[in-house]
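These notes concern the structure reproduced below.
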Amino acid sequence: MKKGIKIVTIGGGSSYTPELVEGFIKRYDELPISELWLVDIPAGQEKLNIVGSLAKRMVEKAGLPIEVHLTLDRREALKDADFVTTQFRVGLLDARAKDERIPLKYNVIGQETNGPGGLFKGLRTIPVILEICKDIEELCPDAWLVNFTNPAGMVTEAVLRYSNIKKVVGLCNVPVGIKMRTAEMLEVAPERVNIDFAGLNHMVFGLNVYVDGVSVLGDVIEKMADPENSMSMKNIKAIDWEPDFLRGLNAIPCPYHRYYYKTSEMLEEEMRAANEEGTRAEVVKQVEKELFELYKDQNLAIKPPQLEQRGGAYYSDAACNLINSIYNDRRDIQPVNTRNNGAIANIADDSAVEINCIITKEGPKPISVGELPVAVQGLVQQIKSFERVAAEAAVTGDYNTALLAMTINPLVPSDTIAKQILDDMLEAHKEYLPQFFTAVEA
Ligand code: G6P
């Protein structure tokens, strides 16, 4: 008899874990998980214990035979895993706060996954994910790696290019969020809505929208153009789009596109927030404190609604649906980050893209969209160039390559400012960037 499914979650002490556990519990009939291993590092031990106990209470309340294991030993956990999910943050929220604050000193957007912040999150994260890939190769070579760790697009790109792991899927909640919000605006059930997603992670466009198979893109654009109907997420201020810009674009931008198409307004908003309530990481730190206080309550055995203050709404739906479709060969359509394989004509075949895929037991099969609209093609290609150069810098620790990545990012105005930001951030994140500071032996 086939054993149950073994899932390993790296960064298991995350405040998002109850969301994931809830998703697994809801789908137990289709996804018979026998073991869930939550893995963290010593600095995350306390959070792991708190969130792990809550996970155990949730499973017990649901009356399901899922064993929940908590460990700091990643290699012990990975042995014979079927799915490995990654949701870790190198340097924790303090590092994110630096990514957000330092660029602001130079009048540049400071953001978790975009601009200089996105570059540095990639530089810190990619070496770690590549180490995890080596462990997977050795200890559970048949497992699927499902990555949420940001910057998810750059991380997927790095895994495809610099590891031997082929069974990798990058996941994001942005497309699900757009779909849910679109259904709400149109006042129809989400199951009736389909969106043709294509682009890159946090740079994805809805190229067409259908209700019951009939295109309603024009209606959605008009709804989005109405300031009453903002489409954003908790972590991105919903500054209104110019209605005529949306009409000209004739596609649905994702909330992160505001950093590129409304750069000055977003910068102004970030500066205001940094001086008033704090950057997003600083706000999230406070939210996390409150969440962990709640999680400690021995009587709590569900995901508390307060978790909705975080930007990751629907993330467990994205994760659990993906795992379910791979495990059960459901062949439904889901937007994920995967190898392009020609699906977007303007992007190299071997690069990661975020696109609608048919999800099979062999993994995602991207659905071809041909060329992207000419108006967005250039930006998407530029971000892809940025991701590739950034991934190379993360792997080599080469200063000039990192400066090149910083300079070609569209949010950075000049090579000289790029160098100033780079030097400042390298110093600030030194302890998490050994590849840039350890002398290469002759
Ligand atoms: C969105 C993004 C995620 C990101 C999250 C941040 O959901 O898609 O990639 O991690 O926001 O939310 P937070 O609450 O940490 O600011």
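The numbers here are math on the coordinates, done by the rules we state, and not lab data. Because the structure is predicted, anything quoted here is derived from the model rather than measured. With ideal geometry, Cβ positions are generated from the backbone for all residues, glycine too; neighbour counts draw on all protein chains shown.
Condition first: under 22 Å from Gly370 (Cα atoms), within 16 Å of the ligand (Cβ to nearest atom), in contact with a Phe, Trp or Tyr (Cβ under 7 Å, 6 or more places away or on another chain) and free of Cβ contacts under 8 Å to residues at least 60 places away in the same chain. Can you find one or more residues in the range 198-218 that meet it?
The answer is yes, given that some residue of the range 198-218 is under 22 Å from Gly370 (Cα atoms), within 16 Å of the ligand (Cβ to nearest atom), in contact with a Phe, Trp or Tyr (Cβ under 7 Å, 6 or more places away or on another chain) and free of Cβ contacts under 8 Å to residues at least 60 places away in the same chain.
Kindly state which strands (runs of 3 or more DSSP E) lie completely within the range 320-394 and contain at least 2 residues that are of a type in the set (A, V, I, L, M) and touching a residue at least 60 places away in the same chain (Cβ under 8 Å).
Strands (runs of 3 or more DSSP E) meeting the threshold: 332-339, 352-360.
Quick check on my filter: what residues within the range 219-241 are aliphatic (A, V, I, L, M) and either within 16 Å of the ligand (Cβ to nearest atom) or within 26 Å of Ala152 (Cα to Cα) (or both)? Before the answer, list the steps.
Pass one, the range 219-241, residues aliphatic (A, V, I, L, M): 220-221, 224-225, 231, 233, 236, 238-239.
Passing the criteria: Met231, Met233, Ile236, Ala238, Ile239.
Which of the residues spanning the range 113-172 are over 18 Å from Arg89 (Cα atoms) and acidic (Asp, Glu)?
If the condition is that a residue be over 18 Å from Arg89 (Cα atoms) and acidic (Asp, Glu), then Asp135, Glu137, Glu138, Asp142 are the ones that fit.
Cβ-Cβ below 6 Å, separation at least six or inter-chain, first residue in the range 248-276 and touching a residue at least 12 places away in the same chain (Cβ under 8 Å) and part of a helix (DSSP H, G or I), second surrounded by 14 or more Cβ atoms within 10 Å (Cβ to Cβ) and of a type in the set (Phe, Trp, Tyr): which pairs?
Here the result reads Met266/Tyr259, each pair linking the range 248-276 to a residue that is surrounded by 14 or more Cβ atoms within 10 Å (Cβ to Cβ) and of a type in the set (Phe, Trp, Tyr).
Please identify the pairs in which a residue from the range 95-119 that is farther than 20 Å from Thr401 by Cβ has its Cβ atom under 8 Å from the Cβ atom of a residue that is hydroxyl-bearing (Ser, Thr, Tyr) and within 13 Å of the ligand (Cβ to nearest atom), counting only partners at least 6 apart or on another chain.
Ala97/Thr279; Glu100/Thr279; Arg101/Thr279; Ile109/Tyr259; Gly110/Thr279; Gln111/Tyr259
Just one of the numbered conditions (1) crowded, with 19+ Cβ neighbours inside 10 Å; (2) in a helix (DSSP H, G or I) is not true of Val90; which one?
Unmet for Val90, out of (1) crowded, with 19+ Cβ neighbours inside 10 Å; (2) in a helix (DSSP H, G or I): (2).
Using beta carbons and a limit of 7 Å, which pairs, at least six apart or on different chains, have the first residue in the range 297-317 and on the phi > 0 side of the Ramachandran plot and the second one within 12 Å of the ligand (Cβ to nearest atom) and in a loop (DSSP other than H, G, I, E, B)?
Close Cβ pairs (under 7 Å, with a partner that is within 12 Å of the ligand (Cβ to nearest atom) and in a loop (DSSP other than H, G, I, E, B)) amount to Tyr314/Asn173.
Using the structure shown, decide if Gly117 is within 16 Å of the ligand (Cβ to nearest atom), touching an Asp or Glu at 6+ places or on another chain (Cβ under 6 Å), more than 20 Å from Ile355 (Cβ to Cβ) and not in a loop (DSSP other than H, G, I, E, B).
Numbers: within 16 Å of the ligand (Cβ to nearest atom): yes; touching an Asp or Glu at 6+ places or on another chain (Cβ under 6 Å): yes; more than 20 Å from Ile355 (Cβ to Cβ): yes; not in a loop (DSSP other than H, G, I, E, B): yes.
Taking the combined requirement at face value, the residue satisfies it.
Every residue in the range 120-157 that is of a type in the set (Ser, Thr, Tyr) and either under 15 Å from Leu171 (Cα atoms) or in a loop (DSSP other than H, G, I, E, B) (or both), please.
If the condition is that a residue be of a type in the set (Ser, Thr, Tyr) and either under 15 Å from Leu171 (Cα atoms) or in a loop (DSSP other than H, G, I, E, B) (or both), then Thr149, Thr156 are the ones that fit.
Listed residues Val159, Val188; which is buried (at least 24 other Cβ atoms within 10 Å of the Cβ), away from the ligand (no atom under 16 Å from the Cβ) and more than 14 Å from the chain's Cα centre (by Cα)?
So the residue among Val159, Val188 that is buried (at least 24 other Cβ atoms within 10 Å of the Cβ), away from the ligand (no atom under 16 Å from the Cβ) and more than 14 Å from the chain's Cα centre (by Cα) is Val159.
When residues of the range 162-176 are filtered for being surrounded by fewer than 24 Cβ atoms within 10 Å (Cβ to Cβ), assigned to a loop (DSSP other than H, G, I, E, B) and within 16 Å of the ligand (Cβ to nearest atom), how many remain?
Matching residues across the range 162-176 total 1.
For the range 40-49, which positions are of a type outside the set (Lys, Arg) and within 11 Å of Ser14 (Cβ to Cβ)?
Asp40, Gly44, Leu48
For the structure I just gave you, tell me whether Ala313 is among the hydrophobic types (A, V, I, L, M, F, W, C), surrounded by fewer than 17 Cβ atoms within 10 Å (Cβ to Cβ) and within 16 Å of the ligand (Cβ to nearest atom). Don't jump to the end; show me each part of the working.
Details: among the hydrophobic types (A, V, I, L, M, F, W, C): yes; surrounded by fewer than 17 Cβ atoms within 10 Å (Cβ to Cβ): no; within 16 Å of the ligand (Cβ to nearest atom): yes.
No; evaluated as a whole, the condition is false for this residue.
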